[in-house]
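Inspection log for the structure reproduced underneath, given as structure tokens.
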Amino acid sequence: MSLGEVLLCKTNLGVTGPPPRGGPSGAPAPQALRAQAIGPERAARAPMGSSAWGRAERRWSVAARGPLSPVSPAWRGRSAPAMGLELYLDLLSQPCRAIYIFAKKNRIPFELRTVDLRKGQHLSDAFAQVNPLQKVPVLKDGDFILTESVAILLYLARKYKVPDHWYPQDLQACARVDEYLAWQHTALRRNCLRALWHKVMLPVFLGEPVSPEMLATTLAELDMALQVLEGKFLQDKAFLTGSHISLADLVAITELMHPVGAGCQVFKGRPKLAAWRQRVEAAVGEVLFQEAHEVILKAKDSQPADPTLKQKMLPKVLAMIQ
Amino acid sequence: MGGEGVAGLGYQELRTSLCWVTGGTRPLPFLSWVLPAVPAPAMGLELYLDLLSQPCRAVYIFAKKNSIPFELRTVDLLKGQNHSDDFVQVNPLRKVPALKDGDFTLAESVAILLYLARKYEAPDHWYPQDLQARARVDEYLSWQHTALRTSCTRTMWQKMMFPIFLGQRVPPETLANTLAELDRCLQLLEDKFLKDQDFLAGPHISVADLVAITELMHPVSAGCDIFKSRPKLAAWRQRVEAAVGEDLFREAHAVLMKAKDLPPADTAMKERLKPLAQLFL
């Protein structure tokens, strides 16, 4: 990437990375790039103009056709600058969705590196260079590589100085968020994961049937976790840890969309939880929420894995959901 | 809460300072009639712990090492005291550790450690301000829940608690799988976290090391010499023990190291522990 593209990535808020260089026919036309960046409706409404935004767009379009040529002798021979923030995500995964929403909501500029789990891309040698544990999400900030979604969320919250309510300064409010983020690993997270895999992914994607008894047990355990979520964490509050949305709510809602994606009606018969969901979606923004959950809501339509991939993935999946 | 107190100090501060003077957790009893008659103040910090449990040991060591004054409330898990009505008021999840600070209750060891570090302004190295150093601690504290924690608990139960305490046979294949998984986690601990550093998150001890070392003592107590073929890990253990203090380390692990000498559980205890035990098989 040229310096210009790096700078423009950072200034084009809400845009995830530079446009692709284009296929065999060369770079896509600037108008197409612009529509891709800002949305077709907006592109149609406001043609490139003389505003600062317009000037930035024109520069960017130029950059997309090729690297900016050095403007002064001082630039010649300089090595490419370090990449900005990169997030390695697959929106099929709950923790990845929480990070995606958080970064977008807070206008944190990042390069999205999609790692398609259903294609086994996490098992590639290239990805092993980034994360030898072969898992997503992963954050790469220059030379600094970080795994574990909770650690990544906290890192982003601190580095980009997001509004206080996400991870409050107040001692007790902060402790409540920590408490939820710790509890969920072996509780709601585990149950939501198992619900998705037992109900949909094992039979549909990996062609492994799951007995009705096993599925029933999983759904019963999920039910118990939901009771704890309502009874201990949410209670009569607007959000899990207080009157404002925090990291805890993001992590929880993205978890619950896993069984929803599998066709489980987790909010049915739980009006308190359903009301909380509405509040969280409103606080995040409906459009962003839908965008983040597009993939999981189509999980039932997963193409079956080919036998080689199935062989590689099955033992890892079984270890993951035990 | 409190009142006029003595010499301008609130009752609570005076009580706490007296605790420091006596070196214990209760003030000198005779002073209660010297102090003005005020309504009983809210309790100071209470930590509900069973030192048989790994996360409880981490919290205990952290509080003691940082001279944080607290009342130790022992909750005997094997006797089922975590199901008592009193304790359920403190933690409806019925788990230890739990913290009670006035009216504020808190579960989850990671949350408790961070709360204590912040409230009592523990030295920076425990949970560094530096963005990347802190991220490394967070990364470990997050990873361990479903990795090292699980395999250490299973190892200790399958190797010791099931056969000796519960009189229950564990199939050899199950134990073999558990030990293999433990081995895999230890390798990750060395390769991903410790690497060539002195401590897990850098050159100084942090809460990550406390959480890790107390986990590793679980299989050690069951007779697994996990440090034997791992010199890097053994050296790290020595450094952690030295940083914590040998006496405090030993004190925190006294209950655990005597677990193998526990008398076998009676029928009632076996029944009560059945659901818990199922988790660890």
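The values are calculated or read from the model by the stated rules, or taken from the named source; none is laboratory data. Keep in mind it's a predicted model, so treat the numbers as computed, not measured. Using ideal geometry, Cβ is built from the backbone for each residue, glycine included, and neighbour counts are taken over all protein chains shown.
I'm told residue A:158 meets every condition in (1) within 13 Å of chain B (Cβ to nearest Cβ); (2) farther than 30 Å from residue A:221 by Cα; (3) in a loop (DSSP other than H, G, I, E, B) except one. Can you identify the failing condition by its number? Single failed check for residue A:158: (3). Candidates A:173, A:126: the one that is modelled with pLDDT of 95 or more and either of a type outside the set (Lys, Arg) or crowded, with 23+ Cβ neighbours inside 10 Å (or both) is A:173.
All of (1) surrounded by 15 or more Cβ atoms within 10 Å (Cβ to Cβ); (2) without any contact (Cβ under 8 Å) to a residue 24 or more places away in the chain; (3) within 12 Å of chain A (Cβ to nearest Cβ) hold for residue B:175 with one exception: (3).
Are any residues in the range A:119-150 over 22 Å from residue A:302 (Cα atoms), hydrophobic (A, V, I, L, M, F, W, C) and in a helix (DSSP H, G or I), and if so, which ones? Once the filter is applied, which keeps residues that are over 22 Å from residue A:302 (Cα atoms), hydrophobic (A, V, I, L, M, F, W, C) and in a helix (DSSP H, G or I), the range A:119-150 yields A:126, A:127, A:128, A:130, A:150. Within the range B:189-230, if we keep just the residues that are in contact with a Pro (Cβ under 9 Å, 6 or more places away or on another chain) and not in a loop (DSSP other than H, G, I, E, B), the residue that is nearest to residue B:118 (Cα to Cα) turns out to be B:211. Restricting the search to helices (runs of 4 or more DSSP H) fully inside the range B:84-147 and requiring at least 3 residues that are not assigned by the TED database to the domain that holds residue B:49 gives B:131-143.
Checked against the criterion of being without any contact (Cβ under 8 Å) to a residue 12 or more places away in the chain, surrounded by fewer than 20 Cβ atoms within 10 Å (Cβ to Cβ) and under 25 Å from the mean Cα position of the chain (by Cα), the range A:204-223 has no qualifying residue.
Residue pairs whose Cβ atoms lie under 9 Å apart, sitting 6 or more positions apart in sequence or on different chains, and linking a residue in the range B:260-281 that is outside the structural domain of residue B:76 (by the TED database) to a partner that is at pLDDT below 80, are B:270/B:277.
Scanning the range A:260-277 for residues that are closer than 26 Å to residue A:243 by Cα and in a helix (DSSP H, G or I) returns A:260, A:271, A:272, A:273, A:274, A:275, A:276, A:277.
Considering the range A:302-313 alone, what residues qualify as being without any contact (Cβ under 8 Å) to a residue 40 or more places away in the chain and assigned to a helix (DSSP H, G or I)? Scanning the range A:302-313 gives A:307, A:308, A:311.
Scanning the range B:78-135 for residues that are away from chain A (no Cβ under 11 Å) and in contact with a Cys (Cβ under 9 Å, 6 or more places away or on another chain) returns B:96, B:97. Considering the range A:171-193 alone, what residues qualify as being more than 10 Å from every other protein chain (Cβ to nearest Cβ) and out of contact with any helix residue (DSSP H, G or I) (no Cβ under 6 Å at 6 or more places or on another chain)? Residues satisfying the conditions are A:173, A:193.
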